[in-house]
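See structure below.
Values quoted throughout were computed directly from the atomic coordinates according to the rules given, and no laboratory measurement underlies them. Fair warning: this is a prediction, and the values are worked out from it, not measured in the lab. Here Cβ is always computed from backbone atoms with ideal geometry, including for glycine, and neighbour counts include all displayed protein chains.
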Amino acid sequence: MAAARHGLLQRLPKVAGEYTENAALAPAAWFRVGGPAEILYRPVDAEDLARFLAAKPRDIPVTLFGSGSNILVRDGGIPGVVIRLGSAFRDCRVEWRDDGAQVHVGAGAIDISVARFCRDSSVAGLEFLVGVPGTIGGALRMNAGAYGQEMANVTVTADALDANGVRQHLTLSDLGYSYRHSAVPEDLIFVSATLRGKRGAPPAIAARMVEIETSREDSQPLRTRTGGSTFVNPPGEKAWQLIDRAGCRGLKRGGAMVSEKHCNFLINSGGASAADIEGLGEEIRRRVKQHSGITLEWEIRRVGRHATGQTALAGGHEGGAP
């Protein structure tokens, strides 16, 4: 990208982690589309990340990129610095208390991995995470949920870094959860959380997880290039039903299409651009609005520049600060 060639790297503070210029993001994104990160930064730990945020020039934008789900990187790539949390942010441990289990987990931990860790540790109550794509940080950010539970039901506290690298300790009340939404400022980057569980028998926990996984496999296009659920369910409605009623099942735009299996999922059927996928989503929104009068809101976070070079960062941070 032009800004990288004009010395963005030289303006960044020294870190213990790694900087990479013009780093490809499409291979890590579930849609397998999108342009590169101007600069990709992998902090070695939370302290390294805090020092980076404290010293970074204020005019350089920061975007967090988690597991690559629930995100659409536009074709022109992401300007500024893209942060990916590594192994230091994936630790899980259980603390047993009189009132049950407290699971201390890093924001970079994959939700499915946390569910499996809890199963192996005899912790029940977090099985739903096996049905949530992404990282704990992203789940905290959007109050992710599945199969009758959401993060608001299990979160005790969360720790995050603000734009100046100052650690913030957040209670459940501070998170301000509502359906698929938190009240946390967009510039906070989650680094860890404490989740609530209870003692359970691993076979029973495993059985519930298999039930959830089977249901997902039967109803969602999991083995395709998709970003997960595309639109938030409006109050009292199901997004997929509104999309289906508006005649959008199987609708195509370039290499992008609406899943025949679950029409709240968009698919890269081969050769799609990010513009194809986003344009198809906007066409769905137009048709649903025309048919039902309801405006669908994007659940997938769209970030970066359009191919024309116009910057349009949207939707906050995936993975804890997408």
Inset, instruction - Largest first and in whole Å, give the semi-axes of the chain's equivalent ellipsoid, each being the square root of 5 times a Cα gyration tensor eigenvalue. - result: 29, 29, 16
Legend entry - Isotropically averaged projected area of the stretch 231-297, using the convex hull of Cα atoms (one quarter of hull area), nm²: 3.9
Legend entry - Interchain or long-range residues, amide H under 5 Å from Val123's placed H: Gly200
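Based solely on its DSSP helices, what 222 nm [θ] is calculated for the chain when runs of n ≥ 4 H residues each add -39,500 (n - 2.57) and the sum is averaged over all residues, nearest 500 deg cm²/dmol?
Value at 222 nm, helices only, nearest 500: -7500 deg cm²/dmol.
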Inset, instruction - Run through every distinct alpha carbon pair of the stretch 179-322 and return the Kirkwood hydrodynamic radius in angstroms, one decimal place. - result: 17.3
Inset, instruction - Please go through the stretch 7-89 and write out the trypsin sites (Lys or Arg not before Pro) that DSSP classes as loop and that have at most 10 other C-beta atoms within 10 Å. - result: Lys14, Arg58
Legend entry - Kirkwood-based Rg to Rh ratio, the stretch 11-142, C-alpha trace: 1.03
Legend entry - Distant-in-sequence amide H partners of Leu25 (H built 1.01 Å from N, under 5 Å): Ala37
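Note down, for the stretch 136-213, the three equivalent ellipsoid semi-axes (square root of 5 times each alpha carbon gyration tensor eigenvalue), biggest first, whole angstrom.
Equivalent-ellipsoid dimensions as semi-axes: 27, 13, 10 Å.
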Legend entry - Per-residue ³J(HN,Hα) for the stretch 108-125, Karplus 6.51 cos²θ - 1.76 cosθ + 1.60, θ = phi - 60°, Hz, x for Gly and Pro: x, 5, 6, 3, 4, 5, 5, 4, 5, 4, 5, 4, 5, 9, 6, 9, 9, x
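Of the DSSP beta bridges with both residues in the chain, give the percent that are antiparallel, rounding to the nearest 5. Please list the in-between numbers first.
Details: 43 of 53 bridges.
Roughly 80 percent of the DSSP beta bridges within the chain come out antiparallel.
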Inset, instruction - Kindly give the semi-axes, whole Å and largest first, of the ellipsoid equivalent to the stretch 98-240, taking each as the square root of 5 times a Cα gyration tensor eigenvalue. - result: 24, 21, 13
Legend entry - Point-to-point label distance, Ser173-Arg245, nm (Cα→Cβ direction, 7 Å offset): 4.0
Legend entry - Phi to ³J(HN,Hα) by Karplus 6.51 cos²θ - 1.76 cosθ + 1.60 over the stretch 81-97, Hz, x for Gly, Pro: 10, 9, 9, 10, 7, x, 4, 5, 9, 10, 5, 9, 8, 10, 10, 8, 10
Inset, instruction - Convert each backbone phi in the stretch 171-179 into a coupling constant with the Karplus relation 6.51 cos²θ - 1.76 cosθ + 1.60 (shift: θ = phi - 60°), then list the ³J(HN,Hα) values in order as whole Hz, x for Gly and Pro. - result: 8, 4, 5, 4, 5, x, 6, 9, 4
